[in-house]
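**Q** Take this structure, written in structure tokens, and hold onto it; I'll ask about it next.
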Amino acid sequence: MAWLDEGTWNDWATDFIHEGKAVYPPDLSEKKENTNNVEENIIQKRQYMTQEEKQLLLKDLCVRLPYGVIVNTPSNIFYSTNREDVKLDSISEIDDNFYITENGGWPIETCKPYLRPLSSMTEEEAKDIVTLIGIKDIISINITEKYINVIKDDGFCSTETITIWFNEIVSSIEIFDYLNVHHFDYRNLIEKEFAIEAPEGMY
């Protein structure tokens, strides 16, 4: 039987730590016969995010790298309830797994970016989006939970109302870049609990 030595445990704890659950080291002073069970339990702790979900989070974080997005990460190897915020500036790949390299290096699935709901955009930001879409002669803008409502002059002594739905908002590379620069959550990561709603004034 391969005993669980301290170095091996530290490697596993870093890899398999689960948010909201403490991972405790075994009693290394006593060689116990349940080593395989310990390994199986740790592996199970990591299986709370599918590969597809991890890829979604990775894709989102990668495009935000240049813009100083803040990420909430574990701060202790064994106690994932101890967490702290760091500015993301690098992601590393090791053996087909991806790690946030700030704050000691953590599996990407244990970290959550702070993002802004689209409904939190200011009128000025909404006007920027509307302008990027190509809408001119804007009279007024209203931002709701699900869309931006624009009233514009139609050029014929009347007005026209245009609705821009948030689930269709990424309609050009310029808008895509704008949303990333301003840390907006256009992939619904907050709703999926893969991100945290940024408190007002964080960005």
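Just so you know, all these numbers are worked out from the coordinates, no wet-lab data involved. Owing to the predicted nature of the structure, the values given are computational and were not obtained by experimental measurement. Neighbour counts run over all protein chains shown; Cβ positions are idealised from the backbone, glycine included.
**Q** What does the extension gain come out to for residue 63 and residue 202, with contour length at 0.36 nm per residue minus their alpha carbon separation?
**A** Contour length minus Cα-Cα distance gives 48.1 nm.
**Q** So, one more: Pull up all non-local amide H partners of residue 147: gap of 5 or more, or a different chain, and H-to-H distance under 5 Å with H placed in the peptide plane.
**A** Excluding prolines and chain starts, which carry no amide H, the hits are 166.
**Q** Now a separate question. Give me 116, 64 ranked fewest to most by other Cβ atoms within 10 Å of their Cβ, as a rough exposure proxy. Spell out each step's value before the answer.
**A** Values: 116 21, 64 18.
So the ranking, lowest neighbour count to highest, is 64, 116.
**Q** Rounded to the nearest 0.05, what FRET efficiency do residue 137 and residue 163 have when you use their Cβ-Cβ distance and R0 = 25 Å? Could you put the intermediate results ahead of the total?
**A** On the way: r = 17 Å, r/R0 = 0.67.
FRET efficiency, residue 137 to residue 163: 0.90.
**Q** Here's another thing I want to ask about it. Over region 45-176, what is the mean sequence separation of C-alpha contacts under 8 Å (at least six apart), divided by residue count, expressed as relative contact order in percent?
**A** In percent, rounded to a whole number, it is 15.
**Q** Just to be sure I understand the model, the point goes 7 Å from the Cα along the line to the Cβ. What's the resulting residue 97 to residue 144 distance in nm?
**A** Simple spin-label model gives 4.5 nm for this pair.
**Q** Ok, one more. Count the net charge of all other residues whose Cβ sits under 13 Å from the Cβ of residue 148, scoring Lys and Arg as +1 and Asp and Glu as -1.
**A** Working: positive: 127, 146, 152; negative: 123, 124, 125, 128, 145, 168.
Summing Lys and Arg as +1 and Asp and Glu as -1 gives -3.
**Q** Within 10 Å, count the other beta carbons around each residue, average over each peptide in 109-115, 155-161, 128-134, 183-189, and list them highest first.
**A** Working: 109-115: 22.6, 155-161: 9.6, 128-134: 15.7, 183-189: 19.6.
The peptides rank, most packed first, as 109-115, 183-189, 128-134, 155-161.
**Q** Report the full-extension gain for the segment residue 120 to residue 177: residue separation times 0.36 nm, less the Cα-Cα distance, to one decimal in nm. Don't jump to the answer; show the numbers that get you there.
**A** On the way: separation 57, 0.36 × 57 = 20.52 nm, distance 1.74 nm.
That works out to 18.8 nm of additional length.
**Q** On to the next question. With each pseudo-label sitting 7 Å past Cα toward Cβ, what's the residue 75-residue 191 distance in nm, one decimal?
**A** Label-label distance for residue 75 and residue 191, simple model: 3.2 nm.
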